[in-house]
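Everything below concerns the one structure shown next.
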Amino acid sequence: MMRWSPARPPRPGCPHRRLRRLLERELPHGLSLAASTLRPWASANFVGARHLFPCLVGDEDAAVLRPLLQARLETIEWRLPGHIVADLVVEMADDGADLRIEVLTVED
């Protein structure tokens, strides 16, 4: 007798490149993204990734831009097929002159 087992649905593709393109559109003039990275992330209930986007600040003061950029990015309804933006934080980079955008996405 042949048994059929349901195939697991394919996991949605990683949204990192799409997220980068969307962020680049939302950055104010004078800010640009450097090379970004991602790390797989999981909890007891969710699977996703932490996306780290270093943000290069031109002539502006990073400390002044950080809360403004945080407020701007929090209002966006991110459209990432198969994923949800669970958290978004804009932090000062280690050098103190630039910013870092960290986005946590989870699979929908």
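Pairs of Cα atoms under 8 Å, at least six residues apart: use those to get the relative contact order of the chain, whole percent. Please report the intermediate quantities before stating the final value.
Details: 162 pairs, mean separation 29.5, N = 108.
So the answer I get is 27 percent.
With all protein chains present, how much of the accessible area of the chain (probe radius 1.4 Å) comes from carbon and sulfur, to the nearest whole percent? Mind showing how you got there, number by number?
Details: 3950 of 7450 Å².
Whole-percent figure for carbon plus sulfur exposure: 53.
Once you treat every alpha carbon in segment 34-108 as an equal point and sum by Debye, what is log10 I(q)/I(0) at q = 0.17 Å⁻¹?
Results for segment 34-108 at q = 0.17 Å⁻¹ read -0.68.
Specify the residue with the greatest mean-square fluctuation among Val47, Val90, Val64, computed from a Gaussian network of the chain linking alpha-carbon atoms under 10 Å apart.
In the Gaussian network model the winner is Val64.
Just subtract the alpha-carbon distance of Asp108 and Ala35 from 0.36 nm times their residue separation and send over the number in nm, one decimal. If you can, show how the numbers build up before the last one.
Values: separation 73, 0.36 × 73 = 26.28 nm, distance 2.63 nm.
Net length gain for the segment: 23.6 nm.
Please work out the average accessible area per residue across the chain, using the 1.4 Å probe convention, and give it in Å².
Values: 7450 Å² over 108 residues.
Accessible area per residue, the chain: 69 Å².
Could you tell me which of Cys14, Cys55, Ala71 has its Cα farthest along the dipole of the chain towards the positive end, charges placed at Cβ (Lys, Arg +1; Asp, Glu -1), taken about the Cα centre?
Positive-most Cα among the choices belongs to Cys14.
If Lys and Arg each add +1 and Asp and Glu each add -1, what is the summed charge of the other residues whose beta carbon sits under 10 Å from the beta carbon of Pro81?
Values: positive: Arg18, Arg79; negative: Asp108.
With Lys, Arg at +1 and Asp, Glu at -1, the neighbours total +1.
Per residue of segment 40-50, what does 6.51 cos²θ - 1.76 cosθ + 1.60 with θ = phi - 60° give for ³J(HN,Hα)? Whole Hz please, x for Gly and Pro, Karplus curve as stated.
Karplus-based 3J(HN,Hα) across segment 40-50 equals x, 9, 8, 10, 5, 10, 10, 10, x, 8, 9 Hz.
Using 7 Å Cα-to-Cβ label points, what is the Leu52/Glu24 separation (nm, one decimal)?
2.1 nm
The values are calculated or read from the model by the stated rules, or taken from the named source; none is laboratory data. None of the values given here were measured: they were computed from a predicted structure. Glycine gets a Cβ as well: all are built from the backbone with ideal geometry, and neighbour counts include every protein chain shown. We work out accessible area using only protein heavy atoms, side chains counted, and drop any ligands, DNA or RNA first. Shrake-Rupley method; radii C 1.70, N 1.55, O 1.52, S 1.80 Å.
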